[in-house]
Amino acid sequence: MQTAVLVNTSARALRRDRDLVAAIRLAASGPSRVWTTESLSELAVAARQIVDSGARRVVLCGGDGTLMNGVTALSACGALPEVVVAPGGTVATVARNWGQRAGLLDTVRRATRDVPPLRTLQSPTLRVVGDGERVGFIFGTGLVARFFERYYAAGAGGYAAAARIVARIFVGSFVTDAYSRSVLEPLPCRITVDDRTLEPDAFSLVVASVVKDLGLHMWVTHRAGEDAERPHVVASPLATRALGPQAPRVLVGKPLSGAGNFDGLVRELLLRFPGRPGPWVLDGDVFVSEEVRVSAGPRLRVAAF
């Protein structure tokens with residue numbers, strides 16, 4: 001299979017070890033070409049060259065943001081080859097949902113030598129329109145955006161760092177301390193799902209996803225993937241003291257309890273921030289806009305190693 005390797009040199013593993021790019025080139029088998037990119041403009045050029053080359057498989061070296069930006073760039077070229085994620089970011093949440101087990105270099109070796117993958121699948125995606133159009137997998141705002149603000153401020157230290165932040169929020173929610181309130185208090189916004197406007201005018205949690213595990217075994221979107229044309233959307237207006245203790249339910253894939261929650265499969269989510277642009281997250285990358293539309297995106301062929 002003709003395979004291209006696309007390396008995001010801004011991914012965490014590659015920033016920490018500049019020799020990894022050379023190691024990736026060595027790991028890739030002879031016929032496979034390796035592209036390196038540092039910016040979205042370079043990524044757009046590389047994606048066009050990969051599509052024009054006729055590659056049937058693309059190995060994306062990086063994390064969730066690399067996956068999202070890579071698939072967005074390839075989709076913009078009118079073609080989506082089979083995708084493999086060679087984990088080089090902080091968590092690789094989406095790839096874990098697909099059953100990815102091998103590390104960065106081992107994945108590159110196997111994927112470029114036609115070693116049979118552990119699993120192949122057709123994955124749904126999200127189409128997100130707001131501050132441009134993107135194809136991704138996990139969208140969120142409210143506590144999701146606030147969590148990532150704190151995660152990046154603390155150095156984006158991977159699963160261990162994320163777990164420490166979650167634990168601090170969870171414990172603090174029982175006494176409604178300042179830190180937990182800064183993450184969990186409802187964010188002013190209006191939500192419309194399939195032409196139905198939800199009554200609350202502020203939400204502490206808004207998530208739309210095509211994968212069940214949002215990281216750290218947080219199965220908020222426990223129905224994700226049931227319908228490729230309808231992502232799972234969960235929205236909650238619960239305040240700190242009511243929302244924090246929901247964590248045990250989420251860990252076992254149960255819906256949130258409490259008044260005012262929305263939990264369902266939808267064709268379109270429309271989110272509006274009143275007065276000024278608001279923060280939202282797509283696959284770990286933070287954006288700001290006044291309005292965001294989320295719907296089903298193209299199907300993606302995936303191989304997991």
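Cβ-Cβ contacts under 8 Å between residues 6 or more apart (or on different chains), taken from a first residue in region 277-300 that is under 12 Å from VAL128 (Cα atoms) to a second residue that is of a type in the set (Lys, Arg) and surrounded by fewer than 18 Cβ atoms within 10 Å (Cβ to Cβ), are listed as GLU291/ARG272; SER295/ARG267; ALA296/ARG267. A Cβ distance below 8 Å, combined with a sequence gap of six or more or placement on separate chains, defines the contacts here; from region 4-15, residues that are over 17 Å from LEU40 (Cα atoms) reach residues that are of a type in the set (Ser, Thr, Tyr) and assigned to a helix (DSSP H, G or I) in the pairs ALA4/SER53.
All but one of (1) in contact with a His (Cβ under 9 Å, 6 or more places away or on another chain); (2) more than 21 Å from ALA163 (Cβ to Cβ); (3) small (Gly, Ala, Ser) hold for ALA242; which doesn't? Result: ALA242 passes all but (1). Taking each residue of region 188-213 that is not assigned by TED's automatic domain parsing to the domain that holds ALA259 and looking for partners that are charged (D, E, K, R) and assigned to a strand (DSSP E or B) with beta-carbon atoms closer than 8 Å, six or more apart or interchain, yields nothing.
LEU269: under 29 Å from ALA178 (Cβ atoms) and either surrounded by fewer than 18 Cβ atoms within 10 Å (Cβ to Cβ) or modelled with pLDDT of 95 or more (or both), yes or no? Can you show your working first?
Details: under 29 Å from ALA178 (Cβ atoms): no; either surrounded by fewer than 18 Cβ atoms within 10 Å (Cβ to Cβ) or modelled with pLDDT of 95 or more (or both): yes.
No.
Being of a type in the set (A, V, I, L, M, F, W, C) and buried (at least 24 other Cβ atoms within 10 Å of the Cβ) is the filter here; which residues of region 219-233 pass it? Spell out how you get there, then give the answer.
Keep residues of region 219-233 that are of a type in the set (A, V, I, L, M, F, W, C), which gives 219-220, 224, 228, 233.
Listed by number, the residues that qualify are VAL220, ALA224, VAL233.
Across region 24-40, the qualifying residues are those that are surrounded by fewer than 15 Cβ atoms within 10 Å (Cβ to Cβ) and within 12 Å of ASN8 (Cα to Cα), and the one among them that is nearest to the chain's Cα centre (by Cα) is LEU40. Within the option set LEU216, LEU243, being within 21 Å of GLY172 (Cα to Cα) and buried (at least 22 other Cβ atoms within 10 Å of the Cβ) holds for one residue only, LEU243. Apart from one condition, VAL128 fits all of (1) within 26 Å of ALA239 (Cα to Cα); (2) crowded, with 21+ Cβ neighbours inside 10 Å; (3) not polar (S, T, N, Q); the exception is (1).
On the basis of being part of a strand (DSSP E or B), in contact (Cβ under 8 Å) with a residue 40 or more places away in the chain and within 22 Å of the chain's Cα centre (by Cα), does GLY253 make the cut?
On the way: part of a strand (DSSP E or B): no; in contact (Cβ under 8 Å) with a residue 40 or more places away in the chain: yes; within 22 Å of the chain's Cα centre (by Cα): yes.
Answer is no for this residue.
In region 29-41, the residues that are under 10 Å from THR112 (Cα atoms) form Cβ pairs under 7 Å with partners that are modelled with pLDDT of 90 or more and among the basic types (Lys, Arg), at six or more places apart or across chains, as follows: SER29/ARG113.
The values are calculated or read from the model by the stated rules, or taken from the named source; none is laboratory data. Small disclaimer: the values here were computed from a predicted structure and weren't measured. Cβ coordinates were reconstructed from backbone atoms using ideal geometry, including for glycine residues, and neighbour counts include every protein chain displayed.
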